[in-house]
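The values are calculated or read from the model by the stated rules, or taken from the named source; none is laboratory data. This one's a predicted model, so the numbers in the text were calculated from it and none came from an experiment. Glycine gets a Cβ as well: all are built from the backbone with ideal geometry, and neighbour counts include every protein chain shown. SASA here: full protein model, heavy atoms, side chains in, ligands and nucleic acids out. Shrake-Rupley method; radii C 1.70, N 1.55, O 1.52, S 1.80 Å.
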Amino acid sequence: SKVVHLYQLAGEFEDFWCFEKGIYYGTEALKLAHELNFKKGIANASNSLGNIYHLKSDFPKALEYYFQALKIDEELNNKSGIAIRLGNIGVIYNEQEDYPKALDYFFKVMKIEEELGDKKEIELTLGNIGVVYYKQKDFQKVLYYFLKALDMAGELGDKNGVAIYLGNI
């Protein structure tokens, strides 16, 4: 319970851009999770730290933590956790303009989300794929993926998503 509270606290400080406090609480969560051999706690604390380093634009450190979390989720066969970590890694590669790697990770995410039947996450991943193609100026694929995301948003009654994809299109 303490591990969970610590990494949630790290996330709260992340939300308010108080990175040093977030790193402190995330690191404490990670240490305690290791002491307790609490694998899910290790994965979630690592992901929290990855998120903070991502926001700090320390992409190598963010990837280090995301890959640690991914490894644990793979050991636990935690499909939703794997999808989250792969998506976070894809976002980092996209921001680093390594578009082939970003797409590779986003398509891996899509496969897992389809297996899980998680339509909301599929919608978001379709949008992420569209963004990568936009940055590459492959507008035919941009339109294809944003239209698919728009359809999914409409199906889910996600008015915010519909507005975003219409704006993107």
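For the stretch 131-168, the candidate set comprises residues that are part of a helix (DSSP H, G or I) and either acidic (Asp, Glu) or under 16 Å from the mean Cα position of the chain (by Cα) (or both); within that set, the residue that is nearest to PRO100 (Cα to Cα) is VAL132.
For residues that are touching a residue at least 12 places away in the same chain (Cβ under 8 Å) and open to solvent by 60 Å² or more (accessible area, probe 1.4 Å), scanning just the stretch 62-84, find the one that is farthest from LEU116 (Cα to Cα). The residue in question is GLU64. The conditions of being surrounded by fewer than 16 Cβ atoms within 10 Å (Cβ to Cβ) and closer than 29 Å to LYS56 by Cβ are not met by GLU155. Is there a residue being open to solvent by less than 80 Å² (accessible area, probe 1.4 Å), more than 23 Å from ASN51 (Cα to Cα) and either part of a helix (DSSP H, G or I) or not hydroxyl-bearing (Ser, Thr, Tyr) (or both) anywhere in the stretch 91-108? Looking through the stretch 91-108, none of the residues is open to solvent by less than 80 Å² (accessible area, probe 1.4 Å), more than 23 Å from ASN51 (Cα to Cα) and either part of a helix (DSSP H, G or I) or not hydroxyl-bearing (Ser, Thr, Tyr) (or both).
Considering only residues in the stretch 1-43 that are farther than 18 Å from ASP73 by Cβ and not in a helix (DSSP H, G or I), the one that is least open to solvent (accessible area, probe 1.4 Å) turns out to be CYS18. Return yes when GLU121 is part of a helix (DSSP H, G or I) and surrounded by 15 or more Cβ atoms within 10 Å (Cβ to Cβ) and no when it is not. Against the criterion (part of a helix (DSSP H, G or I) and surrounded by 15 or more Cβ atoms within 10 Å (Cβ to Cβ)), GLU121 qualifies. Scanning the stretch 124-152 for residues that are surrounded by fewer than 16 Cβ atoms within 10 Å (Cβ to Cβ) and among the aromatic types (Phe, Trp, Tyr) turns up PHE139, TYR144. Only one of the numbered conditions (1) in contact with a helix residue (DSSP H, G or I) (Cβ under 7 Å, 6 or more places away or on another chain); (2) within 21 Å of ASN88 (Cα to Cα) is violated by LYS111, and that is (1).
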